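Visitor: Take this structure first; my questions come after.
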Amino acid sequence: MKLTILDGHAVNPGDLTWDAFKEFADLTVYERTPKELLKTRIGDSDAIFLNKIQITEELLQECPNLKYIGVLATGYNVIELEAAKRHGITVTNIPAYSTDSVAQHVFSLILNFTNQVASHNDSVHKGDWIRSPDFCYWNSSLLELSGKVLGIYGYGNIGKKVAVLGKAFGMNVICCTRTAKPNMPQRVTFENLLKYSDFLTLHAPLTDETKEIINKEAITQMKNTAYIINTARGGLVVEQDIARALNADELAGYACDVVNEEPMKADTPLLGAKNCIITPHIAWAPLETRKRLMDIALQNLKAYLDNNPINVVNDK
């Protein structure tokens with residue numbers, strides 16, 4: 001079996017190993033694959049793993065041997081699933097591998113707003129504490145999370161974990177989700193989620209229904225003291241509307257680990273916006289999380305080879 005990994009660098013920049021995959025296939029690993037080399041590199045591959053590479057009907061027509069695609073992520077919108085199904089190709093993903101790390105990142109962003117750790121650290125290293133006439137000082141307002149309302153949009157595995165952490169901080173947790181689930185926090189309408197949230201964190205997949213769900217109209221329904229956290233997908237928000245609201249003090253802050261187009265472009269509206277925190281899609285990237293991802297990818301491959309595939313996303 002010929003297995004090709006098309007963009008392995010993001011998952012494994014060198015601190016992990018692909019060696020376990022060699023037991024089951026003739027393995028070739030590329031750090032990155034530009035679009036113009038896709039057909040050549042997939043070529044006669046029986047199976048491929050990828051993360052953010054687009055797989056289209058046109059491409060699949062050029063890859064007659066391909067029978068398995070493993071997405072090295074939870075989201076699989078990069079694959080034309082119906083086309084893969086027509087070509088008899090099994091597509092799998094990696095579910096629930098990053099729950100803890102993403103929830104942790106959500107609160108690292110929230111706490112940066114409430115405790116202003118980065119700005120105070122910068123201030124101290126610039127000598128401001130040395131020059132201070134008092135034993136302490138703060139250069140911006142500090143907030144206590146206890147008693148604040150944490151609104152969660154989307155209540156899958158990550159949303160549930162974020163709710164647990166929010167409650168641990170003494171927050172009042174509300175959520176908006178399509179389906180009621182056992183032991184979930186207070187379920188509210190989208191309108192009430194916007195109205196009452198002090199911190200609104202997004203955990204929904206990007207679909208036709210959720211695309212640009214946070215826009216100018218939605219922001220006008222929120223408190224001007226509210227913060228939005230987005231570790232899900234950049235396309236859930238209208239970035240221009242977010243930037244405008246931040247600069248007009250109609251929104252207290254926006255923190256994201258994702259943007260609409262990645263890598264980020266120089267003209268991204270969020271760059272330079274007031275009280276906007278941006279991290280480069282790293283919520284999923286702790287070493288332990290990436291190792292878990294690779295372990296599940298290997299399990300997916302082994303199950304496929306045993307004719308008992310798991311985590312299949314195009315079997316309906």
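The values are calculated or read from the model by the stated rules, or taken from the named source; none is laboratory data. Since the model is a prediction, treat every value here as computed from it, not as a measurement. All Cβ positions, even for glycine, are placed from backbone atoms using ideal geometry, and neighbour counts span all protein chains on display. Ligands, DNA and RNA are excluded from the accessible area calculation, which covers all protein heavy atoms including side chains. Shrake-Rupley method; radii C 1.70, N 1.55, O 1.52, S 1.80 Å.
Visitor: Give the residue, chosen from Ser140, Ser146, Ser123, that is out of contact with any Phe, Trp or Tyr (no Cβ under 8 Å at 6 or more places or on another chain) and small (Gly, Ala, Ser).
Guide: Details: Ser146 fails: out of contact with any Phe, Trp or Tyr (no Cβ under 8 Å at 6 or more places or on another chain); Ser123 fails: out of contact with any Phe, Trp or Tyr (no Cβ under 8 Å at 6 or more places or on another chain).
Criteria check complete, one pass: Ser140.
Visitor: Moving on to the next point. Among the strands (runs of 3 or more DSSP E) confined wholly to the range 205-278, which include 1 or more residues that are among the hydroxyl-bearing types (Ser, Thr, Tyr), over 14 Å from the mean Cα position of the chain (by Cα) and closer than 24 Å to Asn115 by Cβ? Steps first, please.
Guide: Values: elements: 227-230, 253-256, 276-278.
By residue number, 227-230, 253-256.
Visitor: Looking at the range 291-316, I want the residues that are touching a residue at least 60 places away in the same chain (Cβ under 8 Å) and have a partner that is among the aliphatic types (A, V, I, L, M) and open to solvent by 60 Å² or more (accessible area, probe 1.4 Å) with Cβ atoms under 7 Å, at least 6 apart or on another chain. Which pairs are those?
Guide: Filtered contacts from the range 291-316: Asn300/Ile310.
Visitor: Still on this model: Show the residue pairs that are 6+ apart or on different chains and have beta-carbon atoms under 9 Å apart, the first residue being within the range 64-83 and within 15 Å of Leu6 (Cα to Cα) and free of Cβ contacts under 8 Å to residues at least 12 places away in the same chain, the second being open to solvent by 10 Å² or more (accessible area, probe 1.4 Å) and assigned to a loop (DSSP other than H, G, I, E, B).
Guide: That search, which allows pairs on different chains as well, returns nothing.
Visitor: Test Tyr30 against the stated conditions and say whether it is within 14 Å of the chain's Cα centre (by Cα), open to solvent by 10 Å² or more (accessible area, probe 1.4 Å) and of a type in the set (Phe, Trp, Tyr). Lay out the reasoning, then the answer.
Guide: On the way: within 14 Å of the chain's Cα centre (by Cα): no; open to solvent by 10 Å² or more (accessible area, probe 1.4 Å): yes; of a type in the set (Phe, Trp, Tyr): yes.
Against the criterion (within 14 Å of the chain's Cα centre (by Cα), open to solvent by 10 Å² or more (accessible area, probe 1.4 Å) and of a type in the set (Phe, Trp, Tyr)), Tyr30 does not qualify.
Visitor: Kindly evaluate Ala73 against the criterion of being within 30 Å of Ile296 (Cβ to Cβ), not aromatic (Phe, Trp, Tyr) and not in a helix (DSSP H, G or I). Don't jump to the end; show me each part of the working.
Guide: On the way: within 30 Å of Ile296 (Cβ to Cβ): yes; not aromatic (Phe, Trp, Tyr): yes; not in a helix (DSSP H, G or I): yes.
In short, yes.
Quick grid of which residues meet (1) open to solvent by 30 Å² or more (accessible area, probe 1.4 Å); (2) of a type in the set (Lys, Arg); (3) within 26 Å of Ala180 (Cβ to Cβ):
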position: Gln104; (1), (2), (3): yes, no, no
position: Phe107; (1), (2), (3): no, no, yes
position: Pro133; (1), (2), (3): yes, no, no
position: Ser141; (1), (2), (3): yes, no, no
position: Leu150; (1), (2), (3): no, no, yes
position: Asn157; (1), (2), (3): yes, no, yes
position: Ala163; (1), (2), (3): no, no, yes
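Visitor: Pairs under 9 Å by beta carbon, first residue more than 21 Å from Ile213 (Cα to Cα) in the range 178-191, partner open to solvent by 40 Å² or more (accessible area, probe 1.4 Å) and in a strand (DSSP E or B), six or more apart or different chains?
Guide: Lys181/Arg187; Pro185/Asn172
Residue-wise test of (1) open to solvent by 30 Å² or more (accessible area, probe 1.4 Å); (2) β-branched (Val, Ile, Thr); (3) touching a Ser or Thr at 6+ places or on another chain (Cβ under 8 Å); (4) modelled with pLDDT of 95 or more.
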position: Ala232; (1), (2), (3), (4): no, no, no, yes
position: Ala252; (1), (2), (3), (4): no, no, yes, yes
position: Val259; (1), (2), (3), (4): no, yes, yes, yes
position: Ala266; (1), (2), (3), (4): yes, no, no, yes
position: Leu270; (1), (2), (3), (4): no, no, no, yes
position: Ala273; (1), (2), (3), (4): no, no, no, yes
position: Arg290; (1), (2), (3), (4): no, no, no, yes
position: Asn307; (1), (2), (3), (4): yes, no, no, yes
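Visitor: Give me a count of the residues in the range 60-75 that are farther than 22 Å from Glu288 by Cα and surrounded by fewer than 19 Cβ atoms within 10 Å (Cβ to Cβ).
Guide: If we filter the range 60-75 for residues that are farther than 22 Å from Glu288 by Cα, which is where we start, we get 60-69.
If we keep only those that are surrounded by fewer than 19 Cβ atoms within 10 Å (Cβ to Cβ) too, we end up with 61-62, 64-65, 67.
Qualifying residue count for the region: 5.
Visitor: Checking the condition surrounded by fewer than 16 Cβ atoms within 10 Å (Cβ to Cβ) and within 28 Å of Thr207 (Cβ to Cβ), which residue from Glu57, Glu80 passes?
Guide: Glu57
Visitor: I'm told Thr114 meets every condition in (1) within 23 Å of Asp198 (Cα to Cα); (2) assigned to a loop (DSSP other than H, G, I, E, B) except one. Can you identify the failing condition by its number?
Guide: In the conditions (1) within 23 Å of Asp198 (Cα to Cα); (2) assigned to a loop (DSSP other than H, G, I, E, B), Thr114 misses (2) alone.
Visitor: Considering only residues that are surrounded by fewer than 17 Cβ atoms within 10 Å (Cβ to Cβ) and either in contact (Cβ under 8 Å) with a residue 40 or more places away in the chain or under 14 Å from the mean Cα position of the chain (by Cα) (or both), which ones fall in the range 84-95?
Guide: So in the range 84-95, the residues surrounded by fewer than 17 Cβ atoms within 10 Å (Cβ to Cβ) come out as 85-88, 95.
Once the filter is applied, which keeps residues that are surrounded by fewer than 17 Cβ atoms within 10 Å (Cβ to Cβ) and either in contact (Cβ under 8 Å) with a residue 40 or more places away in the chain or under 14 Å from the mean Cα position of the chain (by Cα) (or both), the range 84-95 yields Lys85, Pro95.
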